[in-house]
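Working notes, beginning with the structure itself.
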Amino acid sequence: MHLHVVLLTALVWSVSAAAQQPLLECSNTYECCIRKYPSLESCGPGNDAVRAARAIDSATDSATLAAAIDGESVNSQLVHIARHLALILELEQVGGIPPGEPPNKQTHGHWWREIKTAVRNIHQKLKNCRSRNQLMASLGRARNHPARTAEQIADIEARLAEAARKMGEQLGELLPCG
């Protein structure tokens, strides 16, 4: 019986003590930590909650930035470029994309103009691009064609430089992003 009275007293005391403290209203763990412990050190980088909150904030920022790029359109342009590069360079595939028709030397000029237009379109779409990670996150949301991987993009970039030399021209960077 004595133990029940002690437990009940402790419960009443803790409830009354909690009622005297104001409730912290905050949007994340880091913010709550800062409000409860104004000293930044107690909420510093060693704190697991802070690392988790920062990771969430970082993911939110990446998602916001990724939304600033039309990944579907950029991915479609990359597929278009790869297909035409395969035709000009007479390869079975570029960046995982086959040419779609037999190569014909007489049409190289046409396909090269198509490629240059697609590169300009990509540059226009990447005006708000801040980093390669942001670009890759945007491409990951592509649905019409499977998103190009970093390796496939590297192949397209290398083949683009090769095709430019073959056509006697120079092109700038394909994906000017961060």
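The values are calculated or read from the model by the stated rules, or taken from the named source; none is laboratory data. Just so you know, these numbers come straight off a predicted model, no measurement behind them. Neighbour counts run over all protein chains shown; Cβ positions are idealised from the backbone, glycine included. Surface accessibility is based on the protein's heavy atoms, side chains included, excluding ligands, DNA and RNA. Shrake-Rupley method; radii C 1.70, N 1.55, O 1.52, S 1.80 Å.
Annotations for the structure displayed:
- Looking only at the stretch 144-168, and only at residues there that are free of Cβ contacts under 8 Å to residues at least 24 places away in the same chain and under 17 Å from residue 113 (Cα atoms), the one that is least open to solvent (accessible area, probe 1.4 Å): 164
- Close contacts from the stretch 99-112, counting a first residue that is over 13 Å from residue 167 (Cβ atoms) and a second that is of a type outside the set (Ser, Thr, Tyr), with Cβ to Cβ under 6 Å and a gap of 6+ residues or different chains, come to 99/83; 99/86; 99/87; 100/83; 103/87; 103/90.
- Looking across the stretch 118-143 at every residue that is part of a helix (DSSP H, G or I) and exposed (fewer than 13 other Cβ atoms within 10 Å of the Cβ), the one that is farthest from the chain's Cα centre (by Cα) is identified as 120.
- Summed over the stretch 69-83, the residues that are part of a loop (DSSP other than H, G, I, E, B) and either open to solvent by 60 Å² or more (accessible area, probe 1.4 Å) or closer than 13 Å to residue 159 by Cβ (or both) give a count of 1.
- Taken across the stretch 84-105, residues that are part of a helix (DSSP H, G or I), at pLDDT 95 or above and open to solvent by 50 Å² or more (accessible area, probe 1.4 Å) do not occur at all.
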